[in-house]
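The values are calculated or read from the model by the stated rules, or taken from the named source; none is laboratory data. What you see is a predicted model, and the numbers here were worked out from it, not measured in a lab. Because the Cβ atoms are built from the backbone with ideal geometry, glycine has one as well, and the counts that use them run over all protein chains shown.
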Amino acid sequence: MAKRKIIKIDEEKCNGCKLCIPNCPEGALQIIDGKARLISDLFCDGLGACIGHCPQGAINIEEREAEMYDEKKVMGNIVKQGKNTIIAHIKHLKEHNEFGYLKEAMDYLVTKGIKIRPGDLTDTVASGPCGCPGSNVSQQKNAGLAPEKRLTPSKTHSQLTTWPVQLKLVPAFAPFLNGADLLIAADCVPFAYADFHEDLLKGKILLVGCPKLDDIAYHKEKITQIIMNNDIKSITHAHMEVPCCFGFLSIIKDAIAESGKKISFSDVTISITGEKLKEV
């Protein structure tokens, strides 16, 4: 047993919709008694491919004592599910730069006489059963437009009024948090959304972090402390459309609920092409 990142399922939120199941090719999840269950720590890599596919926000990543992930046992389970699942798993490891596990997986396939061609791994990741589109490589077309068709940039002013902005660096008792309208944003959002300052940040206090790469357990504790110890007027959560960018959503909602405070909350989704998809 060792302390590591692993998924956690909130049984009260889970409605057994099964959408997480095909997005865990490792086979760590099953629907049992109408709820999604983590059936074995050995099968969960803690990378969270299933998180963005849960419409109830019932899946998070926590850090706790757990059996170490076993790639060979995972592969034994995956090969039974067929070639498409094998390919999805291999892509999943590559996208997260898990080259140690990737070598173990490929070695396992060699011992079983299963061949995966390089061309099998070049499809769009989002089309596979796992899908981590946040790691897809793409190039937007705006830069290639004729000069007369490009968007004309206009001079704007920064709406940033406080520092630091990284969630892990902002003290939970920072004076500017009391009475604030917060904008908690995934750190890709300001780069993707051209109107970030005027449309989202104006009049708000900014806190940014990465729900995929940062320590999500630490962020959960920090957000809870901020809400509990300050008079927060409202919280806007802004994230990218990719599944791995939804990690803050349930954390913020849970912290508001636990505080017993009436705090206005809105959720904004930004596309990887820089458009606001929805705001609820």
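Any idea which residue in the stretch 23-51 is modelled with the lowest pLDDT, counting only those that are more than 20 Å from E71 (Cβ to Cβ) and not in a loop (DSSP other than H, G, I, E, B)?
In the first step, residues of the stretch 23-51 are kept if they are more than 20 Å from E71 (Cβ to Cβ); the result is 31-37, 51.
Subsequent filtering for residues that are not in a loop (DSSP other than H, G, I, E, B) retains 31-32, 35-37, 51.
Numbers: I31: 89, I32: 85, K35: 91, A36: 91, R37: 90, I51: 78.
Within the stretch 23-51, the match that is modelled with the lowest pLDDT is I51.
If you go through the stretch 229-272, how many residues are assigned to a helix (DSSP H, G or I), more than 23 Å from C188 (Cα to Cα) and polar (S, T, N, Q)?
The qualifying residues number 2.
I'd like to know if the stretch 88-107 contains one or more residues that are in a helix (DSSP H, G or I), touching a His at 6+ places or on another chain (Cβ under 9 Å) and either modelled with pLDDT under 80 or not assigned by TED's automatic domain parsing to the domain that holds C24 (or both).
no
Within the stretch 224-236, is even one residue under 21 Å from H53 (Cβ atoms) and at pLDDT below 95?
Checked the stretch 224-236: no residue is under 21 Å from H53 (Cβ atoms) and at pLDDT below 95.
Quick check on the stretch 225-254: of everything there that is surrounded by 18 or more Cβ atoms within 10 Å (Cβ to Cβ) and of a type in the set (S, T, N, Q), which residue is farthest from the chain's Cα centre (by Cα)?
Only one residue tops the list, namely N230.
Give just the number: which of (1) touching an Asp or Glu at 6+ places or on another chain (Cβ under 8 Å); (2) surrounded by fewer than 18 Cβ atoms within 10 Å (Cβ to Cβ); (3) of a type in the set (A, V, I, L, M) does A257 not satisfy?
All conditions are met except number (1).
If you go through the stretch 88-108, how many residues are closer than 20 Å to I51 by Cα, touching a helix residue (DSSP H, G or I) at 6+ places or on another chain (Cβ under 7 Å) and of a type in the set (A, V, I, L, M, F, W, C)?
The qualifying residues number 2.
Quick one: would you say V79 is buried (at least 21 other Cβ atoms within 10 Å of the Cβ) and either free of Cβ contacts under 8 Å to residues at least 12 places away in the same chain or β-branched (V, I, T) (or both)?
So V79 fails the test.
Report yes if some residue within the stretch 211-225 is touching a Gly at 6+ places or on another chain (Cβ under 8 Å), farther than 26 Å from E258 by Cα and not aliphatic (A, V, I, L, M); otherwise report no. Steps first, answer last, please.
The first filter runs over the stretch 211-225 and keeps only residues touching a Gly at 6+ places or on another chain (Cβ under 8 Å), leaving 211-212, 216, 219.
Those still in the list that are farther than 26 Å from E258 by Cα too: none.
No, there is no match, as no residue in the stretch 211-225 is touching a Gly at 6+ places or on another chain (Cβ under 8 Å), farther than 26 Å from E258 by Cα and not aliphatic (A, V, I, L, M).
Taking the condition closer than 15 Å to H239 by Cβ and at pLDDT 95 or above, does L201 pass?
Yes: the conditions hold for L201.
It is to be established whether one or more residues within the stretch 259-267 are touching a residue at least 40 places away in the same chain (Cβ under 8 Å) and of a type outside the set (G, A, S). Give the steps one after another, and end with the answer.
Within the stretch 259-267, the first condition is being touching a residue at least 40 places away in the same chain (Cβ under 8 Å), and the residues that meet it are none.
No, the stretch 259-267 contains no residue that is touching a residue at least 40 places away in the same chain (Cβ under 8 Å) and of a type outside the set (G, A, S).
So that you can scan it fast, the table gives a plain yes or no per residue for (1) at pLDDT 90 or above; (2) touching a helix residue (DSSP H, G or I) at 6+ places or on another chain (Cβ under 6 Å); (3) not assigned by TED's automatic domain parsing to the domain that holds I251:
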site: P147; (1), (2), (3): no, no, yes
site: P164; (1), (2), (3): yes, no, no
site: A180; (1), (2), (3): yes, no, no
site: A186; (1), (2), (3): yes, yes, no
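Might you check whether a residue that is of a type in the set (D, E, K, R), in contact with a strand residue (DSSP E or B) (Cβ under 7 Å, 6 or more places away or on another chain), within 22 Å of A58 (Cα to Cα) and surrounded by fewer than 21 Cβ atoms within 10 Å (Cβ to Cβ) occurs anywhere in the stretch 184-197?
no
Among the residues of the stretch 68-80, is there at least one that is part of a strand (DSSP E or B), more than 25 Å from K253 (Cβ to Cβ) and not assigned by TED's automatic domain parsing to the domain that holds L213?
Among the residues of the stretch 68-80, not one is part of a strand (DSSP E or B), more than 25 Å from K253 (Cβ to Cβ) and not assigned by TED's automatic domain parsing to the domain that holds L213, which makes the answer no.
Can you pull out the residues in the stretch 183-213 that are more than 20 Å from the chain's Cα centre (by Cα) and within 22 Å of M228 (Cα to Cα)?
If the condition is that a residue be more than 20 Å from the chain's Cα centre (by Cα) and within 22 Å of M228 (Cα to Cα), then G203, K204, I205 are the ones that fit.
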